[in-house]
Amino acid sequence: MPSLYSSVSNGLSLTADWLFKTLWLVESDRNNAKVDTYRKALWPEISGNVLELGPGFAESLRFLTHVTISDGSHVVDSNTITSYTALEPNVFLYDQLHKNAETNGFCVEYDHKSYPNCKELGTIPTRDNMVPFNIVRGT
């Protein structure tokens with residue numbers, strides 16, 4: 001049975017994560033306006049196996065190299081990006097993180113070892129040339 005300290009600490013941590021998500025929803029557009037100039041210069045050059053620490057909502061995915069596939073959709077170029085791992089400690093950001101990854105044509109997966117309570121949130125079926133996007137709960 002968890003101690004009172006452990007329970008209170010966990011509750012405060014979850015509250016802080018929820019508050020951060022709420023703040024991020026309000027401030028992300030303003031933040032994007034400030035950093036997109038740098039993202040546009042840097043992100044198209046990224047290749048291989050990618051590890052992003054603290055991606056938030058992963059708004060920068062739109063700047064990766066994309067290709068159009070046979071059904072007309074745009075996906076991340078699998079010749080450029082082999083796999084993408086997002087190490088994000090705040091589970092309250094996962095819904096939007098997942099949505100942005102799917103929007104950019106990734107096949108989203110969760111690391112069940114780091115986040116055993118995860119749920120598959122409408123993962124799109126794998127298509128040829130889809131790059132795996134792994135969401136890992138970091139600490």
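The values are calculated or read from the model by the stated rules, or taken from the named source; none is laboratory data. Here the structure is a predicted model, which is why all the values come from computation and not from measurement. A quick note on method: Cβ atoms are made from the backbone with ideal geometry, for glycine too, and the neighbour counts reach across all protein chains shown. Surface accessibility is based on the protein's heavy atoms, side chains included, excluding ligands, DNA and RNA. Shrake-Rupley method; radii C 1.70, N 1.55, O 1.52, S 1.80 Å.
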Notebook entry, point to check: Hey, any hits in region 61-80 for a residue that's within 29 Å of SER13 (Cβ to Cβ), of a type in the set (A, V, I, L, M, F, W, C), part of a helix (DSSP H, G or I) and modelled with pLDDT of 95 or more?
Noted result: yes
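With the structure loaded, tell me whether GLU102 is closer than 19 Å to ASP36 by Cα and at pLDDT 90 or above or whether it fails that test.
Working: closer than 19 Å to ASP36 by Cα: no; at pLDDT 90 or above: yes.
Spelling it out, it is not the case that GLU102 is closer than 19 Å to ASP36 by Cα and at pLDDT 90 or above.
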Checklist line | Cross-chain or 6+ apart pairs with Cβ under 6 Å, region 58-86 first and in contact (Cβ under 8 Å) with a residue 60 or more places away in the chain, then buried (at least 17 other Cβ atoms within 10 Å of the Cβ) and in a strand (DSSP E or B) | finding: ILE69/VAL75
Margin query: Based on this model, can you work out whether LEU14 counts as of a type in the set (A, V, I, L, M, F, W, C), open to solvent by less than 70 Å² (accessible area, probe 1.4 Å) and closer than 20 Å to VAL91 by Cα?
Written below: yes
Notebook entry, point to check: Only one residue in VAL108, VAL35 is open to solvent by less than 70 Å² (accessible area, probe 1.4 Å), farther than 23 Å from VAL136 by Cα and either in a loop (DSSP other than H, G, I, E, B) or modelled with pLDDT of 90 or more (or both), so which one is that?
Noted result: VAL35
Check: Can you tell me which of THR103, THR82 is surrounded by fewer than 21 Cβ atoms within 10 Å (Cβ to Cβ) and more than 23 Å from ASN31 (Cα to Cα)?
Finding: THR82
Checklist line | Filter result (open to solvent by less than 50 Å² (accessible area, probe 1.4 Å) and either in contact with a Cys (Cβ under 9 Å, 6 or more places away or on another chain) or assigned to a helix (DSSP H, G or I) (or both)) within region 38-54 | finding: ARG39, TRP43
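In region 40-57, how many residues are out of contact with any Leu (no Cβ under 9 Å at 6 or more places or on another chain) and either in contact (Cβ under 8 Å) with a residue 24 or more places away in the chain or polar (S, T, N, Q) (or both)?
Just the residues of region 40-57 that are out of contact with any Leu (no Cβ under 9 Å at 6 or more places or on another chain), to begin with: 40-42, 45, 47-49.
If we keep only those that are either in contact (Cβ under 8 Å) with a residue 24 or more places away in the chain or polar (S, T, N, Q) (or both) too, we end up with 47-49.
Looking only at that region, the number is 3.
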Margin query: Condition (residue is of a type outside the set (S, T, N, Q) and surrounded by fewer than 12 Cβ atoms within 10 Å (Cβ to Cβ)) applied to region 60-67: is it met by at least one residue?
Written below: no
Next item on the list: From (1) on the phi > 0 side of the Ramachandran plot; (2) without any contact (Cβ under 8 Å) to a residue 60 or more places away in the chain, pick out the condition that doesn't hold for ALA33.
Entry: (1)
Note to self: As an exercise: evaluate ASP95 against (1) over 13 Å from the mean Cα position of the chain (by Cα); (2) open to solvent by 30 Å² or more (accessible area, probe 1.4 Å) and give the number of the one condition it does not meet.
What the structure shows: (1)
